Amino acid sequence: MNNMMQLKVWLDETEPEIWRRLIVDPRLTLEQLHTVLQYSFGWTNSHLHQFHEDDGTRYAIPSPLDDDFDGPIIDERKTLLATVFDHKNKTITYEYDFGDSWMHIVQFEKMIDRETVVYPSQTFIKQGKGVFSGKVRAAMCIAGDRNGPPEDCGGIWGCQRIIELKTNPSATRDEDDRKFLESLGDWDPQQFELSVINQDIGRVRVKKAFADM
């Protein structure tokens with residue numbers, strides 16, 4: 001299949017904006033998009049997640065413990081991107097970590113022909129070597145800006161505080177700040193490496209059940 005979806009995804013309320021532009025096969029499921037987003041933003045898949053639409057429709061992996069007060073949950077493992085993104089500029093929300101509540105806005109920009117896409121050179125090269133080996137990709141990140149936040153940092157407010165500490169260590173107020181800053185290691189809010197992201201995203205493949213669609 002040459003027809004691919006171009007999506008823009010950004011973390012809501014981040015300033016400067018943390019965002020990614022993705023090219024994805026419409027035969028991928030929402031569960032697989034979850035995996036792509038985890039790789040794209042540097043998350044570690046350590047928390048629960050769900051997708052939801054403006055009308056309240058929710059997608060996740062259903063559980064007997066789900067509360068149906070907000071309506072039933074549709075199985076993301078069986079829901080294709082082509083079904084959800086049924087018109088241009090359609091947006092849904094991907095929520096990761098119900099504690100920190102990271103809200104990613106996913107927007108369907110347009111359909112494209114994979115053969116005509118001009119990829120940035122950084123998409124393919126890592127340490128001077130091509131990382132794609134000519135394989136057909138089911139998903140790829142072609143643009144973006146800034147590093148995803150560290151896990152368990154306290155949501156948007158916590159992320160802003162971390163960036164302040166990283167860019168201005170003199171803003172450290174107490175011992176807790178110093179310990180937290182040390183725990184971040186070499187995490188850099190400015191870091192964004194297409195080749196690293198795409199090496200991980202390359203593991204995502206169209207499921208056999210949908211390959212002939």
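Leu11 meets each of the listed conditions (1) surrounded by fewer than 19 Cβ atoms within 10 Å (Cβ to Cβ); (2) in contact (Cβ under 8 Å) with a residue 24 or more places away in the chain; (3) more than 22 Å from Ala138 (Cα to Cα) apart from (1). In the condition set (1) under 15 Å from the mean Cα position of the chain (by Cα); (2) part of a helix (DSSP H, G or I); (3) of a type outside the set (Val, Ile, Thr), Glu151 is compliant with all but (2). For the stretch 157-213, filtered to residues that are among the aromatic types (Phe, Trp, Tyr) and not in a helix (DSSP H, G or I), the residue that is modelled with the highest pLDDT is Phe192. Exactly one residue out of His52, His47 is more than 27 Å from Ile112 (Cα to Cα), surrounded by 14 or more Cβ atoms within 10 Å (Cβ to Cβ) and of a type outside the set (D, E, K, R): that is His47. Restricting the search to the stretch 126-145, which residues are touching a helix residue (DSSP H, G or I) at 6+ places or on another chain (Cβ under 6 Å) and modelled with pLDDT under 80? Matches in the stretch 126-145: Lys126, Val131.
For (1) touching a Phe, Trp or Tyr at 6+ places or on another chain (Cβ under 6 Å); (2) in contact (Cβ under 8 Å) with a residue 60 or more places away in the chain; (3) hydroxyl-bearing (Ser, Thr, Tyr); (4) at negative phi, each residue gets a yes or a no:
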{"residue": "Ile18", "(1), (2), (3), (4)": "no, yes, no, yes"}
{"residue": "Arg27", "(1), (2), (3), (4)": "yes, yes, no, yes"}
{"residue": "Leu33", "(1), (2), (3), (4)": "no, yes, no, yes"}
{"residue": "Tyr39", "(1), (2), (3), (4)": "no, yes, yes, yes"}
{"residue": "His49", "(1), (2), (3), (4)": "yes, no, no, yes"}
{"residue": "Asp54", "(1), (2), (3), (4)": "no, no, no, yes"}
{"residue": "Thr57", "(1), (2), (3), (4)": "no, no, yes, yes"}
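The values are calculated or read from the model by the stated rules, or taken from the named source; none is laboratory data. Here the structure is a predicted model, which is why all the values come from computation and not from measurement. Neighbour counts are summed over all protein chains in view; Cβ atoms, including those assigned to glycine, are modelled from backbone coordinates with ideal geometry.
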